[in-house]
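Here the structure comes first, spelled out in structure tokens, and everything after it is commentary.
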Amino acid sequence: MIDRLPTDTRFGQESDYASSRELLSAAGYGDEPVIAMVACSDMPCAVDDVLGTRPGELVIVQNAGNRVPLESAVDDISTLSSLWFALQPTTVQYLVICGHTRCRCRDHQGSPAGPASSQHHCVPHSGIVATHEQAGDVTRAGRHVLQQLDAVRTHMFIRERLQRRSLRLHACVVDDRTGTLYSYEPTAGQFAPV
Ligand SMILES: [Zn+2]
């Protein structure tokens with residue numbers, strides 16, 4: 001027997017769905033996403049809000065731990081097929097891997113250590129009092145995100161787009177305590193607040 005949905009759920013309310021459709025139509029979005037994002041199922045915020053995207057701009061691939069399997073270890077067909085689907089529109093120009101600091105999935109599943117990634121740091125924002133603990137949280141989450149970016153580059157369908165310069169990769173981390181978004185800056189080798 002299937003339980004009824006909770007009475008306070010907003011799912012299925014025609015008025016909400018209709019207003020969303022109207023918003024998509026009015027904004028001219030819905031068929032032309034520009035960003036694909038791999039995010040964690042455990043994130044406490046709405047993934048759409050992280051980048052402040054408008055309806056239709058973002059295609060989300062969400063799993064436990066914002067993980068991307070290596071090409072040599074394709075045991076996660078679901079994530080791979082979703083990622084492949086997300087990158088089919090030629091309008092998608094950015095692939096973002098987004099982690100967060102208080103991730104329960106990442107710690108439970110473990111994360112392979114990478115000598116290069118372990119050297120990355122986060123930069124405290126001048127306008128934000130970042131404790132050592134917070135900085136460490138961002139660094140740990142960022143290290144995991146960069147490892148997923150390494151995995152992204154092992155897939156031919158992504159490498160081809162990178163070689164054609166039709167796709168750019170980005171890494172970011174959300175600090176769950178403050179809501180601050182940190183973006184990876186390759187030239188500095190550091191995560192810095194946006
Ligand atoms: Zn998580």
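Worth pointing out:
- Taken over the stretch 43-80, residues that are within 19 Å of residue 157 (Cα to Cα), β-branched (Val, Ile, Thr) and within 16 Å of the ligand (Cβ to nearest atom) amount to 4.
- Filter result for the condition that a residue is away from the ligand (no atom under 16 Å from the Cβ), at pLDDT 50 or above and not hydroxyl-bearing (Ser, Thr, Tyr), over 89, 112: 89
The values are calculated or read from the model by the stated rules, or taken from the named source; none is laboratory data. This one's a predicted model, so the numbers in the text were calculated from it and none came from an experiment. Cβ coordinates were reconstructed from backbone atoms using ideal geometry, including for glycine residues, and neighbour counts include every protein chain displayed.
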